[in-house]
Amino acid sequence: MELFLSNIASPPLLFFFLGLAAALLRSDLDVPASVAKFLSLYLLFAIGFKGGVALRETDIGWGVAASLLAALTLAFIVPLIAFAWLRRKMSLADAAALAATYGSVSAVTFVTCTSYLDAAGIPWSGHLVAALAIMESPAIMVGIMLYRRFAPQASGTDSRAYSGAAVAREAFLNGSVFLIIGSLIIGWVTGSAGMDQVGVLVKDLFTGVLCLFLLDMGLVAAQRLRDLRKLALVAFGLIFPLLMAFLSAVLAISIGLSEGDALLLTILGASASYIAVPAAMRLAVPDANPGLYLPMALAVTFPMNLIVGIPLYHLFIRTVMY
Amino acid sequence: MELFLSNIASPPLLFFFLGLAAALLRSDLDVPASVAKFLSLYLLFAIGFKGGVALRETDIGWGVAASLLAALTLAFIVPLIAFAWLRRKMSLADAAALAATYGSVSAVTFVTCTSYLDAAGIPWSGHLVAALAIMESPAIMVGIMLYRRFAPQASGTDSRAYSGAAVAREAFLNGSVFLIIGSLIIGWVTGSAGMDQVGVLVKDLFTGVLCLFLLDMGLVAAQRLRDLRKLALVAFGLIFPLLMAFLSAVLAISIGLSEGDALLLTILGASASYIAVPAAMRLAVPDANPGLYLPMALAVTFPMNLIVGIPLYHLFIRTVMY
Amino acid sequence: MELFLSNIASPPLLFFFLGLAAALLRSDLDVPASVAKFLSLYLLFAIGFKGGVALRETDIGWGVAASLLAALTLAFIVPLIAFAWLRRKMSLADAAALAATYGSVSAVTFVTCTSYLDAAGIPWSGHLVAALAIMESPAIMVGIMLYRRFAPQASGTDSRAYSGAAVAREAFLNGSVFLIIGSLIIGWVTGSAGMDQVGVLVKDLFTGVLCLFLLDMGLVAAQRLRDLRKLALVAFGLIFPLLMAFLSAVLAISIGLSEGDALLLTILGASASYIAVPAAMRLAVPDANPGLYLPMALAVTFPMNLIVGIPLYHLFIRTVMY
Amino acid sequence: MKPCKRIEIVIEQRQASALLEALDQLGVPGYTAIPSARGSGDRGLRSGDELTGVMTNSVIVIACPEADVAAILELVGPAIRRSGGICLVSDATWLTH
Amino acid sequence: MKPCKRIEIVIEQRQASALLEALDQLGVPGYTAIPSARGSGDRGLRSGDELTGVMTNSVIVIACPEADVAAILELVGPAIRRSGGICLVSDATWLTH
Amino acid sequence: MKPCKRIEIVIEQRQASALLEALDQLGVPGYTAIPSARGSGDRGLRSGDELTGVMTNSVIVIACPEADVAAILELVGPAIRRSGGICLVSDATWLTH
Ligand SMILES: Nc1ncnc2c1ncn2[C@@H]1O[C@H](COP(=O)(O)O)[C@@H](O)[C@H]1O
Ligand SMILES: Nc1ncnc2c1ncn2[C@@H]1O[C@H](COP(=O)(O)O)[C@@H](O)[C@H]1O
Ligand SMILES: Nc1ncnc2c1ncn2[C@@H]1O[C@H](COP(=O)(O)O)[C@@H](O)[C@H]1O
Ligand code: NA
Ligand code: NA
Ligand code: NA
């Protein structure tokens, strides 16, 4: 209970609520799109850099290898489970796109979780940022491959269809994937000397900027929610992440991750992508309806993870571990 | 004299002059609109949060109640005085819009005044931010109500007219009002623990960002001045705020506010809104001319308060108090 | 060698490479244009302010006068050399525009060089920022004057032609020139008291913001490179700056500048403008092809100076001085 | 290709959302709206550089069958009479798909 | 002044670059593209406020001789069938210079 | 509704202000200007991503009576000859209010 309260009373989450409230009450508060884009670039840059610097100070041993392997496993299994679940209930394209969406991860949810851990004084490791980076792309590829594998006669893919190279590009050269991996490497290369140069921007401003970004995410999430009127989809967006969180937490604990790291891997398994994957799906699976996968990830699963998920998963992990 | 010099030689004000100079000399210096919008959101967020944290550490007693009551009184009286003054001199719509404009407050003027006080080492209280928040909306409602009350047969308000609920929404759910009140509450809820998380953004960057924002305001103010060619209006924009400052200062001193708090209440009484009110007036009083109330608030009263007003009101308060 | 490595392994340069890589691999990473503009305004504001505060603490003697005179000399000589070199090889308009481009300076290159010096712990003086400000405009005037002087019968300049006053305005009231000079003066006026108010923004965030800006410059530079297919022009963009660096370094050493200051003057001589000058040339020499001068300055000379130039010139200066 | 009408509306940005909602309710086949336009007209200059959107226009384009035009103009007319703007109608052909 | 056709395309922003490249290869005389438009149509609302450009449209205008129209429409048709949008063609005269 | 002409100009952004001022002095009834458009034409690609506005276009729309067209074109012609762009004129009807 205490966990829930301390989570809800944190500035980032309160600003998320403020954004939700503004949109629901139809206030004209809004954050310019170009600024919101920039804040998201900043968050990827900062978390990547911090992770890289931290990674440098870790010795890469069994612990690191196990986390990354676990992350990779989740990145392939989760979209397959999602697809199996949804295949019969909707069009092939929509099922494939939702599989990719839920198989991939949300960097903003991850970042909010690190700020939750920092506020609680619980340590976490830089290689979890590497896990985040690793998990963004595979689900995109799985989603596209499922779509192609099951398409009757390659329906919807006409002569100007999407090539294999283009699929890989969408998966790995997607802007947000690229920035976080790049920043991770740069943080790793420059180490603490680099951190001395950019630490104020990357560390001291982090939670404050996250507040402003979550204010905007609250605004956008509430607007998106209006577009989504199908109850069954809302239910999927609430229940599926809980199951995946359970799966991920069990995996994390069984490979011996620490409390903080286990929570981060869990949130990776439970979160759904609303930036990288939608961008990729519009090109690779154009006949899937973005009016489904976008609001489900952004307006259902994202708030659920932020508000209920993080403390709930934390409680679960604590209970099992101690 | 010293007060004037130290005010004018402060970085924020010098950047305001730089912006004015750039626009008057027709330099092509400009700040992108989306960035300016973001800087203004930042200032509201920061001042609200700081005020909320400070408020938490105050015990809410007679002093706080008296300030808020005084603020509320000003918020209702000032627009009525302005309307009485202007009613005969222009169209009903313009008079009502100007009443709302001058009855409401300018958060940027307030914020510049707090930075003036900080630089001078004079303390001020968090509940003055609450006073700022309280004063934004009432004048909007007063302006709209005056407009309706005096309109011959509801002229200009056709079948798709503006409903009472819409009036309240404009007054209270206006983006800038909402953000400052929300940040105030969040600051109050999270207190100094919250401040530890976001202090670098909210406090250490404050004056620097204010410099960049005032650079832009200088650019915009000088451009707006070109649109305003009526001398009588310029005179009103210079004299009316002085009178309201006098009224507010007397009120502030008589209820026993400290030097810093009295100056802040005075600047609230003397300032005119150029963000929240114009946005509301375009919807609620569409036949008022934004080419009047916008440049008067932004290009006449705002610079006057910044350059002459703050030190002048300060001098007056000092003279009376000591 | 060590110099090269420490330069290349610095966060700002690595983010420049990341941007280059993203564009070359055709990732969809991009920084919104309005944000990039703002980052560039921030860098000019910060370097100007820092320079002004530092200048205040210097006593203005022979050293300062000599640097500024050297800077002014370079600002007139370099465009003349460039014009003499290029005149026969292309149209008059293109030669004049390139002369202005290479005669003027790149503030971002300068700023990256100060961050290189700071990381290496080598001191540099505030009046070099004044040298930067002084060198931006003259080359623009020289370019325009050469263009007019050699134009057969004022070809290309029709009845609505560009007046002398307009030329001066382009040269001196250009937004970036104006901002850096203004910030320099404000820094000088407010001194260390001003720095106390804005230091976190101006100093602590500097390198971090530079990283984000160079990320965008990498993206833009790689895109521009695609537009430029003429090998001779690429060669000019690589060789001419080297020669001018040699000239500037010799001049800097001969007037007795310190190691850091000599490197900064050298980079001023070697760099080419891709913001202020293109903006001016489009108005003053509209028949010059921006598809030449813009990519040459931005996609050839700028990366060359950043990657190879700074450590190379540093090595040269060190070798000669010690 | 089928013949259609192209309606182009310039309206103050803060009024645009309400108009678009009204158009939606009327059942137009679709619309496209471009934000942040500057402009000048009877009500003076709208310089488009405002913090508030008060001095900014939106441009709205609607492709529709000729039969819908009258109903749309009935919505647009009062809106631009109230707070300014223009509305142009022209002929076009529409690529059907 | 010479007569020409004015082609106006609304297409999802993320698809616009590919279409413009294809148009370039086809050899159109030129084009102008306005980014960040909102819109509504058969595929629902595109609110234009997205971080990703997924819910945003671009408006493309092409002035060309009548003879080029057919080839351009052949490129545009499949693109907007796949991911939505409209394409209007109208008559105009072009100031030659 | 009254018949009118719709003039659409694409011009480099940095030249747009001067042209709009000239149009104002000429006394056009009004104009609308959309900033930040990309484009391609005889003078190559203008990618619209520049820090300086050098590689960016503005789109200007003017609705006016037929009688004004000639004078406007006389202003626009030299401007786009100098630094590139296009100018299209078409027929429309204007909702009078
Ligand atoms: N003749 C015109 N041509 C193009 N746009 C116009 C015209 N007249 C007005 N506008 C646009 O409509 C807005 C409001 O016009 P008005 O109500 O006449 O002030 C202006 O800011 C312009 O953007
Ligand atoms: N009738 C229309 N008039 C103007 N724009 C339209 C129309 N129909 C569709 N659009 C635009 O094309 C986009 C995609 O349309 P659709 O494929 O019909 O959903 C919409 O978001 C609108 O911007
Ligand atoms: N045929 C065309 N159709 C639409 N826009 C054009 C066309 N030709 C040129 N433009 C626009 O005008 C700008 C300058 O054209 P140009 O002077 O031909 O390079 C281009 O960047 C385009 O935005
Ligand atoms: Na997931
Ligand atoms: Na007031
Ligand atoms: Na140079």
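The values are calculated or read from the model by the stated rules, or taken from the named source; none is laboratory data. Here the structure is a predicted model, which means the values were calculated and not measured. Virtual Cβ from ideal backbone geometry, glycine too; neighbours counted across all protein chains shown. Calculation scope for accessible area: heavy atoms of the full protein, side chains included, ligands and nucleic acids excluded. Shrake-Rupley method; radii C 1.70, N 1.55, O 1.52, S 1.80 Å.
Scanning the range E:30-55 for residues being at pLDDT 90 or above and more than 9 Å from ligand 2 (Cβ to nearest atom) gives a total of 5.
One line per residue, one yes/no per condition, for (1) of a type in the set (A, V, I, L, M, F, W, C); (2) within 25 Å of B:Gly175 (Cα to Cα); (3) free of Cβ contacts under 8 Å to residues at least 24 places away in the same chain:
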| residue | (1), (2), (3) |
| --- | --- |
| B:Tyr42 | no, yes, no |
| B:Val53 | yes, yes, no |
| B:Trp62 | yes, no, yes |
| B:Thr73 | no, yes, no |
| B:Val78 | yes, yes, no |
| B:Ile81 | yes, no, no |
| B:Ala84 | yes, no, yes |
| B:Lys89 | no, no, no |
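Once the range E:63-97 is narrowed to residues that are among the hydroxyl-bearing types (Ser, Thr, Tyr) and within 16 Å of ligand 2 (Cβ to nearest atom), the residue that is farthest from A:Pro286 (Cα to Cα) is E:Ser90.
Hey, could you check the range F:1-39 for residues that are of a type in the set (D, E, K, R) and assigned to a strand (DSSP E or B) and say which is nearest to the chain's Cα centre (by Cα)?
My answer is F:Glu8.
A Cβ distance below 9 Å, combined with a sequence gap of six or more or placement on separate chains, defines the contacts here; from the range C:263-275, residues that are more than 14 Å from chain F (Cβ to nearest Cβ) reach no residue that is within 16 Å of ligand 4 (Cβ to nearest atom) and not in a helix (DSSP H, G or I).
Scanning the range D:57-97 for residues that are within 16 Å of ligand 1 (Cβ to nearest atom), within 14 Å of chain E (Cβ to nearest Cβ) and modelled with pLDDT under 90 gives no hits.
Against the test of being within 16 Å of ligand 2 (Cβ to nearest atom) and in contact with a helix residue (DSSP H, G or I) (Cβ under 7 Å, 6 or more places away or on another chain), the options A:Leu294, A:Leu306 yield a single qualifying residue, A:Leu294.
Conditions tested, residue by residue: (1) under 20 Å from A:Ala288 (Cα atoms); (2) surrounded by 18 or more Cβ atoms within 10 Å (Cβ to Cβ).
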site: E:Gln15; (1), (2): yes, yes
site: E:Ala22; (1), (2): no, no
site: E:Gly27; (1), (2): no, no
site: E:Ala37; (1), (2): no, yes
site: E:Gly48; (1), (2): yes, yes
site: E:Ile72; (1), (2): no, yes
site: E:Pro78; (1), (2): yes, no
site: E:Arg82; (1), (2): yes, yes
site: E:Trp94; (1), (2): no, yes
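Within the range B:185-227, the set of residues being away from chain C (no Cβ under 14 Å), open to solvent by less than 20 Å² (accessible area, probe 1.4 Å) and under 20 Å from the mean Cα position of the chain (by Cα) comprises B:Met217, B:Val220, B:Ala221, B:Arg224.
Among what's in the range F:60-83 and is assigned to a strand (DSSP E or B) and more than 10 Å from the chain's Cα centre (by Cα), pick the residue that is nearest to F:Glu12 (Cα to Cα). Top of the filtered list is F:Ala63.
Which of the following residues is under 27 Å from B:Ser34 (Cα atoms), in contact (Cβ under 8 Å) with a residue 12 or more places away in the chain and away from ligand 4 (no atom under 16 Å from the Cβ): E:Pro65, E:Pro29, E:Pro35? Talk me through it step by step, then tell me what you get.
Details: E:Pro65 fails: under 27 Å from B:Ser34 (Cα atoms); E:Pro29 fails: under 27 Å from B:Ser34 (Cα atoms).
The match here is E:Pro35.
Quick check: anything in the range E:84-92 part of a loop (DSSP other than H, G, I, E, B) and in contact (Cβ under 8 Å) with a residue 60 or more places away in the chain? Before the answer, list the steps.
Filtering the range E:84-92 for residues part of a loop (DSSP other than H, G, I, E, B) gives E:84.
In the following step, the residues that additionally are in contact (Cβ under 8 Å) with a residue 60 or more places away in the chain were identified as E:84.
Yes; the residues of the range E:84-92 include at least one that is part of a loop (DSSP other than H, G, I, E, B) and in contact (Cβ under 8 Å) with a residue 60 or more places away in the chain.
On inspection, C:Leu72 passes the criterion of being under 19 Å from the mean Cα position of the chain (by Cα), more than 14 Å from chain A (Cβ to nearest Cβ) and open to solvent by 20 Å² or more (accessible area, probe 1.4 Å).
Residues checked against (1) surrounded by fewer than 24 Cβ atoms within 10 Å (Cβ to Cβ); (2) out of contact with any Ser or Thr (no Cβ under 7 Å at 6 or more places or on another chain):
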position: A:Gly269; (1), (2): no, no
position: A:Ala280; (1), (2): no, yes
position: A:Ala288; (1), (2): no, yes
position: A:Phe302; (1), (2): no, no
position: A:Val308; (1), (2): yes, yes
position: A:Tyr313; (1), (2): no, no
